[in-house]
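The values are calculated or read from the model by the stated rules, or taken from the named source; none is laboratory data. Small disclaimer: the values here were computed from a predicted structure and weren't measured. Cβ: placed from backbone, ideal geometry, glycine included. Neighbour counts: every protein chain shown. Calculation scope for accessible area: heavy atoms of the full protein, side chains included, ligands and nucleic acids excluded. Shrake-Rupley method; radii C 1.70, N 1.55, O 1.52, S 1.80 Å.
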Amino acid sequence: MSLLDDVLVDQSDEVFDAIVIGSGITGGYAAKELTERGLKTLMLERGPLVEHGKDYRYDNVPPWEQPQRGKVAKAVADGDYAIQSQSYAFNETTRAFFGNDRELPYSTEPGKEFHWIRSNQLGGRSLIWARQCYRWSDYEFSANAADGHGVDWPLRYRDLAPWYAKVERFVGISGAADGLAQLPDSICQPAFGMMAPERAFGDMVARSDTPWDVIIARVANLTQPTQAQTASGRVRCQARDACASGCGLGAYFSTQSATLPAALATGKLRIAANSVVHSLIYDASRKRVRGVRVIDRLSLRTREYFGKMVFLCASTLGSTQILLNSTSRTMPDGLANRSHTLGHYLMDHRYAAYANARVPGFEDNYYSGRRPTGLLMPNIHYEPKRYAETFDRGYCLAGNAYREDWRSQMKSAGFGPSFKARLSRPGDWRFQLFSQGEMLPRYDNSVSLHPTLKDAWGIAQLHIDCEWSQNEQAMGEAAGETCRTLFEAAGYDDIKVYVGGKPPGNGNHEMGTARMGRDPKTSVFNGHNQAHDIGNLFCTDGATMCSSGSQNPSLTFMAMTVRAVDFAVNERRNKRL
């Protein structure tokens, strides 16, 4: 028997106070906030249930007891998981948390590849995310207005700052106070430590005339749990570095470990799993969404749910697909699409440059544990006067030091006791860096409904037309040269730099396609994540983003979600919703 059995819903004629579509980072947070404000809420999830702890099949299973030592068979990776297997988090222990490419088709423009990483189950991608958490600064929220790329954001950092703080206290983020203008400090638990070569690298950068800074990356893993976090069953991170396999300890933030238990504790949450959302039910006479049309994932049976407000949290592309498919006589091009911008301005982060080098010395240093984070070098091109000559906006660098082990000598010559002894000794220290670059909002990067192809539930497949621009290409080249320069300044040798990267989508940070803005003629949602033309419809995932910034967006998604719920509840209380 599942602990969730008492809250499961199949068919229901009840009119819920709120319906949340999606159960990932934003869906889970929306459900928590809505239920804690007293609203009876229905959460719709297109995939199956995943129960915390119980369904983490490989949690704490050592590599030698995992199938293929955790490696995915080539036939599997190249077959049904050809796209999903491109994700950094994909392996045999996490495969159950990824979608099957064959079952979840979409099309792309010829010659323009896109990797849509799918994680369709209760908890969504909160089970497999990298947990990097950073506030955005006013430089991100004013960037479009400052340089003319995209529409101006309808909010600024001051509008989100208190909501960032509220989210950080609940989530639990480890990190340090770094005092950087382009990366506002978060409310953090103690940071993970740096290794000796990392500290030396950071000291070198601080002494040099380079504008870069080296900080420990902020990550949603508990290092000093609060009393409330401990009371909810979460404990301190054990640094096992196997987060994406599922953490029964609740040491990292996910829907299952944090927001779902909080929502369930209110007694106000109901869940409908295996519910593939077809479209929203729109009442044109009242200009309101009345409910949601759903197709059962397994039986293909159609059902409807009704609610007084709807929160779209189905992921950037998922939410936009639902809006595009929600057509009517008055809105033939998709719901809330008066601006005709729905589906456009798709963005992702580009991981274009990778560099690796040997670190001389430090032979008497090693490390303990498997720290679940690394280093970050925040973007230095964060305002127009700091832009490079060859590109606009900027990129951050992330990486870490590590010490080679026996695997570095797998192909080396040797035999007998001396060879075995050599394999048992630590190898050289090495340092790696990779870039995470901003993608400009461009109208041509878009998604639409395919005119003929449908999925297993009879819903039009998404057709994706997206590619890197010359701006992102130039940014990647510059990032590679920056890595080389930094490594040379540090005195490293055997320096290798690669520039290229994977197609859009692989960054797993899709944003845009239903952007917010001040003007209903140029945007879909307003500054409170509320549809301009439909007062009881909200979207708080990445779809509403106006630009992509260079740092990870998940913390901003969550802060926007909490802020939007507060606005919606107050509007409801004042009978304006």
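Across the stretch 44-107, C-alpha contacts under 8 Å between residues 6 or more apart give a mean separation that, scaled by the residue count, equals a relative contact order of 28 percent.
Shape annotation for the stretch 152-292: C-alpha extents along the principal axes are 65, 42, 27 Å, from largest to smallest. Amide H contacts under 5 Å for Leu449: His463, restricted to partners 5 or more places along the chain or on a different chain, H placed in the peptide plane at 1.01 Å from N. Within the chain, the proportion of C-alpha pairs whose separation exceeds 47 Å stands at 11%. Mean separation of Cα pairs under 8 Å and 6 or more residues apart, divided by the residue count, gives the stretch 9-78 a relative contact order of 25 percent. Ranked from largest to smallest solvent-accessible area, with a 1.4 Å probe on the protein heavy atoms, Thr330, Thr373 come out as Thr330, Thr373. In this structure, the residue pairs whose Cα-Cα separation is over 25 Å, taken from Lys40/Lys287; Lys287/Lys521; Lys32/Lys71; Lys385/Lys496, are Lys32/Lys71; Lys385/Lys496. Checking the a/c ratio against 1.5 first, then a/b against b/c, what shape does the Cα gyration tensor give for the stretch 56-193? Oblate, since a/c reaches 1.5 and b/c is not below a/b. Relative to one another, the C-alpha centroids of the stretch 246-291 and the stretch 27-100 are positioned 17 Å apart. For the stretch 120-171, the Cβ-based charge dipole about the Cα centre amounts to some 360 debye (Lys, Arg positive; Asp, Glu negative; other atoms uncharged).
Relative contact order, whole percent, for the chain stands at 21, derived from Cα pairs under 8 Å and 6 or more residues apart. Amide H to amide H, with H built 1.01 Å from N, Tyr282 comes under 5 Å of Arg290, counting only residues 5 or more places away or on other chains.
Candidates Ala559, Ala357, Ala89 compared by Cα position along the dipole of the chain: farthest toward the positive end lies Ala559, with charges placed on Cβ. For the stretch 134-150, the Karplus equation 6.51 cos²θ - 1.76 cosθ + 1.60, evaluated at θ = phi - 60°, returns couplings of 9, 6, 8, 9, 5, 5, 6, 6, 10, 4, 4, 5, 6, 10, x, 8, x Hz by residue, with Gly and Pro reported as x. For the chain, the solvent-accessible area of protein heavy atoms averages 40 Å² per residue (probe radius 1.4 Å; ligands and nucleic acids excluded). Sorted largest first, the principal axis extents computed over the alpha-carbon atoms of the stretch 356-493 equal 66, 49, 28 Å.
Taken along its principal axes, the alpha carbon cloud of the stretch 427-577 reaches lengths of 66, 41, 32 Å, longest axis first. Which residue, chosen from Val294, Pro384, Ala273, occupies the Cα position most advanced towards the positive end of the dipole of the stretch 272-411, where the dipole is computed from +1 (Lys, Arg) and -1 (Asp, Glu) charges on Cβ about the Cα centre? Result: Val294.
Listed values for the stretch 296-311 are Karplus-derived 3J(HN,Hα) couplings in whole Hz (6.51 cos²θ - 1.76 cosθ + 1.60, θ = phi - 60°), namely 4, 4, 9, 8, 6, 6, 8, 8, 10, 10, 10, x, 7, 8, 10, 10, and x replaces Gly and Pro.
Loop-located trypsin sites (Lys or Arg not before Pro) in the stretch 283-345 (DSSP state other than H, G, I, E, B) with a sparse environment of at most 14 neighbouring Cβ atoms within 10 Å: Arg286, Lys287, Arg301, Arg329.
Between the stretch 461-508 and the stretch 534-577, the C-alpha centres lie 31 angstrom from each other. Scaling against 2.2 N^0.38 Å puts the C-alpha radius of gyration of the stretch 53-111 at 1.28. Of the residues Leu49, Leu155, Trp406, the one whose Cα sits farthest toward the positive end of the charge dipole of the chain, with +1 on the Cβ of Lys and Arg and -1 on the Cβ of Asp and Glu, is Leu49.
Within the straight-line cut-off of under 12 Å between alpha carbons, the aspartates and glutamates reachable from Lys74 are Glu92, sequence neighbours fewer than 8 places apart in one chain being disregarded.
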